[in-house]
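Written below as structure tokens is the structure these notes are about.
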Amino acid sequence: MAWISKNSGGMKIARRPEPYLTPEIKAHAEKHILPRYELRQGALIPVLHEVQHAAGWLPWQALEEVAQFIGVAPSEAWDTASFYEEFWLQPKGTHVIAVCRSIACEVCDHAAVTKAAKAKLGIEVGDTTDDGAFTLIELECLGLCEGAPACLVDETMHLNATPATITQAIDKLRAADSHGHAHGAHGHDHHDLKAGLEPWAKPKA
């Protein structure tokens, strides 16, 4: 079998003139994030979150900028971002439908919820709709086994999800988008995670 080498050293990185790690993000990190860590490297993950929240994902240019800001090698930023599944190294849809597939959710038939979302969106798990509006994924655990099966629709948690409720959530997002609003679906039986997020993960006003 022939060995196929990859020209990693000569890889061309897509770049844009404006930085992903903006002056505003840097200032916020210097004031609110870095002081929480004894070593500057400890702030790598929250700064990556901050940049991703602003850009929607983490292209190579963003990883390089964060690495330089934190003081680590770009490879370390890549290793970190590629290890944790909450980081996106490819563009995703405007809305993300995430179905938990932990043991508790599996027992409570998370597969039926995923199947309904796939049918509603016309895509497979890991894909994005052609219009770029929705990405469907499954996560290992959302930490809400008491509400299994659980789903995360954008930043809103859906407990005891069913094929009907996930379909309704998608319909609400589509209706909101058609009226010029791109916010997650909210309801009386949904637990909004925004209040419990770290400052760097909260939605921008």
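Any chance you could run the full-extension gain for Q90 through R40? It's 0.36 nm times the residue separation minus the Cα-Cα distance, nm to one decimal. Before the final figure, lay out the partial values.
Numbers: separation 50, 0.36 × 50 = 18.00 nm, distance 2.65 nm.
Answer, rounded to one decimal: 15.4 nm.
Using a Förster distance of 30 Å, how high is the FRET efficiency between K118 and S178, based on the Cβ-Cβ distance and rounded to 0.05?
Working: r = 22 Å, r/R0 = 0.73.
After rounding to 0.05, the efficiency reads 0.85.
Taking a straight line from the alpha carbon of K12, these aspartates and glutamates sit under 18 Å away, with near neighbours fewer than eight places off in the same chain left out: E64, E65.
Can you pull the Rg over Rh of the stretch 68-128, Cα-only, Kirkwood?
Numbers: Rg = 15.9 Å, Rh = 14.1 Å.
Taking Rg over the Kirkwood Rh, I get 1.13.
When the Cα positions of C108, A27, L121 are compared along the charge dipole of the stretch 1-145, A27 comes out farthest toward the positive end, with charges on each C-beta of Lys, Arg, Asp and Glu. Here the Debye sum runs over all C-alpha atoms of the stretch 23-83 as equal scatterers in vacuum, and log10 of I(q)/I(0) at q = 0.25 Å⁻¹ comes out as -1.07. Taking Cα centre as origin and charging only the Cβ of basic (Lys, Arg, +1) and acidic (Asp, Glu, -1) residues, the dipole magnitude of the stretch 23-83 rounds to 160 debye.
Gain in length, A133 to R15, computed as 0.36 nm per residue apart minus the alpha-carbon separation, to one decimal in nm?
On the way: separation 118, 0.36 × 118 = 42.48 nm, distance 2.40 nm.
Separation in residues times 0.36 nm, less the Cα-Cα distance, equals 40.1 nm.
What is the calculated FRET efficiency for A164 to V125, with r their C-beta to C-beta distance and R₀ = 22 Å, to the nearest 0.05? Once rounded, the FRET efficiency stands at 0.65.
Every number here is computed from the coordinates shown, using simple stated rules; none is lab data. Owing to the predicted nature of the structure, the values given are computational and were not obtained by experimental measurement. Every residue, glycine among them, receives a Cβ derived from its backbone with ideal geometry; neighbour counts consider all protein chains shown.
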